[in-house]
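J.: The structure is given below, and queries will be raised subsequently.
The values are calculated or read from the model by the stated rules, or taken from the named source; none is laboratory data. Keep in mind the model is a prediction, meaning the values are calculated, not measured. Here the Cβ is made from the backbone with ideal geometry for all residues, glycine too, and neighbour counts use every protein chain on show. Please note that ligands, DNA and RNA were not included when accessible areas were found on the heavy atoms of the full protein model with its side chains. Shrake-Rupley method; radii C 1.70, N 1.55, O 1.52, S 1.80 Å.
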Amino acid sequence: MQDGDALYLAWSGDDVNGSGSRDEFALDNISVIMVADTGSGGSSFSYYDIPTLTTVDANGVADSLGVECVTSGIVVGVDMDGNAGYSFTLWNQEGINVFSFADVDGYVVEEGDSIVMRGVVDQFNGLIQFIPDTISLLDSGLAIPTPTLITSLGEVHESELVRIENFWVDAIAGANITLSDGSNNIVIRIDSD
């Protein structure tokens with residue numbers, strides 16, 4: 001497509017048989033995600049869902065490391081950066097950390113926002129992250145996933161929304177707090193931001 005071209009969307013139904021009243025339907029909150037031309041010989045960014053971006057090889061390295069693409073999801077939690085830039089979780093069947101040293105397109109992080117982003121997949125200290133160069137807000141105020149109840153943390157919980165119960169503060173060492181239930185320990189780091 002070129003700038004100014006028309007885009008037509010069509011819906012069809014099967015309303016041939018039956019009697020009496022007909023079913024009704026409505027369309028609402030329709031989003032069309034256009035992937036822009038990169039300007040490099042006509043190639044464009046492909047769309048990948050988050051579960052595709054978060055797979056790892058036998059060494060724990062992201063299979064999609066360095067891939068430039070488009071992805072989308074719902075913001076879960078707050079912006080943990082607290083300053084210019086981002087560090088928040090984007091959820092679409094699984095979570096991925098969104099990280100940037102600077103704000104992008106004026107987007108202000110709000111839990112429950114549905115956003116689409118273009119950028120590159122990166123990894124820092126084992127954490128798979130998406131570094132956006134564009135962010136577009138599609139909708140806001142959406143439901144977030146239900147937290148998973150856990151008793152111990154592992155790599156499987158990376159960028160996931162979890163819940164722990166019946167733990168107490170067992171130790172404090174600087175910004176690290178150790179929680180315990182008597183059998184399991186979970187260390188939580190409280191960022192100064």
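J.: Output the residues belonging to the range 144-158 that are without any contact (Cβ under 8 Å) to a residue 40 or more places away in the chain, open to solvent by less than 90 Å² (accessible area, probe 1.4 Å) and not β-branched (Val, Ile, Thr). Can you show your working first?
T.: Going through the range 144-158, the residues without any contact (Cβ under 8 Å) to a residue 40 or more places away in the chain turn out to be 146-154, 156-157.
Then drop every residue that is not open to solvent by less than 90 Å² (accessible area, probe 1.4 Å), which leaves 147-148, 150-152, 154, 157.
Those that are without any contact (Cβ under 8 Å) to a residue 40 or more places away in the chain, open to solvent by less than 90 Å² (accessible area, probe 1.4 Å) and not β-branched (Val, Ile, Thr): PRO147, SER152, GLY154, HIS157.
J.: Also, quick follow-up: Condition (residue is over 30 Å from GLU68 (Cβ atoms) and touching a helix residue (DSSP H, G or I) at 6+ places or on another chain (Cβ under 9 Å)) applied to the range 151-168: is it met by at least one residue?
T.: no
J.: When the range 159-178 is examined, which residues are found to be surrounded by 11 or more Cβ atoms within 10 Å (Cβ to Cβ) and farther than 24 Å from PHE124 by Cβ? Walk me through how you get there before you give the answer.
T.: As a first pass, look at the range 159-178 and keep what is surrounded by 11 or more Cβ atoms within 10 Å (Cβ to Cβ): 159-162, 164, 167, 170-171, 176-178.
Those that are surrounded by 11 or more Cβ atoms within 10 Å (Cβ to Cβ) and farther than 24 Å from PHE124 by Cβ: ILE164, PHE167, ASP170, ALA171.
J.: Continuing with the same structure: May I ask you to list the residues in the range 29-76 that are touching a Cys at 6+ places or on another chain (Cβ under 6 Å) and modelled with pLDDT under 90?
T.: So the first thing to find is which residues in the range 29-76 are touching a Cys at 6+ places or on another chain (Cβ under 6 Å), and the list is 45-46, 48.
Answer for the range 29-76, where residues must be touching a Cys at 6+ places or on another chain (Cβ under 6 Å) and modelled with pLDDT under 90: just PHE45.
J.: Quick check, is VAL116 surrounded by 13 or more Cβ atoms within 10 Å (Cβ to Cβ), in contact (Cβ under 8 Å) with a residue 60 or more places away in the chain and in a strand (DSSP E or B)? So that I can check it myself, show each step before the final result.
T.: Details: surrounded by 13 or more Cβ atoms within 10 Å (Cβ to Cβ): yes; in contact (Cβ under 8 Å) with a residue 60 or more places away in the chain: yes; in a strand (DSSP E or B): yes.
When the stated conditions are applied, VAL116 passes them.
J.: Just a yes or no: is a residue in the range 161-173 in a loop (DSSP other than H, G, I, E, B), closer than 24 Å to GLY60 by Cα and either modelled with pLDDT of 80 or more or not charged (D, E, K, R) (or both)?
T.: Residues of the range 161-173 in a loop (DSSP other than H, G, I, E, B): 161, 164-167.
Next cut, closer than 24 Å to GLY60 by Cα only: 161.
Pick out the ones that are also either modelled with pLDDT of 80 or more or not charged (D, E, K, R) (or both) and you get 161.
Yes, some residue in the range 161-173 is in a loop (DSSP other than H, G, I, E, B), closer than 24 Å to GLY60 by Cα and either modelled with pLDDT of 80 or more or not charged (D, E, K, R) (or both).
J.: Still on this structure: Checking LEU138 against (1) open to solvent by less than 30 Å² (accessible area, probe 1.4 Å); (2) assigned to a strand (DSSP E or B), only one condition comes out false. Which one?
T.: For LEU138, the failing item is (1).
J.: Among the residues of the range 41-76, which ones are in a loop (DSSP other than H, G, I, E, B) and open to solvent by less than 40 Å² (accessible area, probe 1.4 Å)?
T.: PHE45, THR54, GLY60, SER64
The rows are residues; the columns are (1) open to solvent by less than 40 Å² (accessible area, probe 1.4 Å); (2) at pLDDT 95 or above; (3) assigned to a loop (DSSP other than H, G, I, E, B).
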site	(1), (2), (3)
VAL78	no, no, yes
ASP81	yes, no, yes
GLN93	no, no, yes
PHE99	no, yes, no
ASP105	no, no, yes
ASP122	no, yes, no
PRO132	yes, yes, no
